[in-house]
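Undergrad: Sharing a structure here in structure tokens format.
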Amino acid sequence: MRHLVPHLSHGLRCVWRWRGGLCTLLAALLLTLLPSVSAWAKNHWPIAVTLVQGLSFPPASQGLTLNYVTLPLDATAAVFNSVGQKGQTINCTIVQPSVNMLLGAGGTPATQILVDTWAFGGSLLDVIGAGQASFSNVGLINNMRVGATAHVAAANLPGAYVGNVTFRVLYL
Amino acid sequence: MNARPPWTRNGSTDPGGVRGERTALGAFVAGILVTATLVLALDTSFTIGMQLMEPTRLAGPSTLTLAHVATVLPVVTMSTSHAEGGAQPMAEGSITFAAKGEAGAYITGSVSAADVRFHVVGEVSNAMYFPVVQWRFGGDMDPSGVARFNSSGLLANLQVNVIAPLVVSISDGSTGSATFRLVYQ
């Protein structure tokens, strides 16, 4: 055993000398393992979200500067269902802090309506800026609802305004 | 005797040693955590929409009539006052109006003030007041107070719901007043 000590000591010194390279090696290893980690996570905690309906605001008359609110429990709020790991809690957010609904290409302020102040309800508990819920014992969360506020300006032109929003679900 | 720097091990004076190991390990663990977080996020895209209508063009001088139909305010039993702790008791009631105007025209309803106060008949003390905290529109009106006359020019169910906290023990006889206004859009 004793004759191994100098070799071991030398080895450790080499490792220490090349610790920068080791970090690089670990990073490379992590990148290599990414697909495996991803696959493992998907196999163990599959999650799926179904969009039941998008969000719409009540029809309004052009020419007024008003805020129009769709509450989470309103019939026109966005609704989602989800399937995931039973008992797991999820955190739901809207990725964009605000979104412009556009009339046509929406190149001017008169053809844009700002939407913000996302609100969460239904099966989601509204925490600050997010909604949270836990999967049931069969791995379901139904009726996750999202509302928002549309800021209509008097200068907005009449017509159908449309925008796109991203609903993000994250395991806690 | 020199004091050993806190980051040294076995007398080593290499300050980058232990800290370097910890940094590398921390970065590695953080990398795994970030990776795990990223793969467990799921994004779903959805649309939002709104129809902005041409302003109502009234055919000419147009009348607008408004009638009070009913007021349903709750009978509140104050078994627990706010001072005794627990959730603050709330009173919720509903007032219904009917309106007649131009067929197809949009109107917007509003309430005169948000700080209307109920008070016990005969009482002038502020201690016996309790403020309305929220007005909510319902029935034919959407939450913003917008409604549209039907083809007969009628709106039969304009609901104004009122919510107020009960901050004092009041038995019967609380009253208050407010004005409900309809305006053509």
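Values quoted throughout were computed directly from the atomic coordinates according to the rules given, and no laboratory measurement underlies them. Source: prediction; values computed, not measured. Using ideal geometry, Cβ is built from the backbone for each residue, glycine included, and neighbour counts are taken over all protein chains shown.
Undergrad: Using a 10 Å cut-off around each Cβ of peptide A:156-168, what is the average number of partner chain Cβ atoms that fall inside?
TA: 4
Undergrad: Ratio to report: Rg/Rh of segment A:45-171, with Cα atoms as the point set and Rh obtained by the Kirkwood method; give two decimals.
TA: 1.04
Undergrad: Within 10 Å of each candidate Cβ there may be at most 12 other Cβ atoms; applying that plus a DSSP loop requirement, which chymotrypsin sites (Phe, Trp or Tyr not before Pro) in segment A:43-142 survive?
TA: none
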